[in-house]
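Take a look at the structure below.
Just so it is clear, none of the values below were taken in a lab; they were calculated from the coordinates. Note that the structure is a prediction, hence the values are computed from the model and not measured. A quick note on method: Cβ atoms are made from the backbone with ideal geometry, for glycine too, and the neighbour counts reach across all protein chains shown.
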């Protein structure tokens with residue numbers, strides 16, 4: 001499945017717009033504890049523990065969005081937007097939202 005942040009696919013024609021799809025991932029409270037436990041990563045300017053959690057959340061949200069689009073009969077999702085939010089007590093949420101479409105082959 002093609003997934004893109006752009007509103008169109010170059011050289012491709014959208015045959016049908018099937019609707020908005022989204023996927024969500026909420027990561028548990030261990031994010032903060034893992035982040036604080038890996039202070040040595042921060043000294044270098046980056047925290048690999050936190051970056052890994054962000055990547056994991058993004059992958060889960062995109063996969064869930066793709067699954068929903070597939071069930072609608074889509075072969076692509078365009079206009080994808082990723083949003084990351086921190087919730088209470090170290091909870092993190094990633095939401096992927098886009099438009100499920102059927103692209104002419």
Pull out the extension gain between residue 12 and residue 104, defined as 0.36 nm times the separation in residues minus the alpha carbon to alpha carbon distance; nm, one decimal.
32.4 nm
Simple spin-label estimate for residue 83/residue 67, 7 Å along Cα→Cβ, in nm, reads 2.1 nm
If each residue's Cβ is checked for other Cβ atoms within 10 Å, how do 62, 103 rank with the fewest at the top?
103, 62
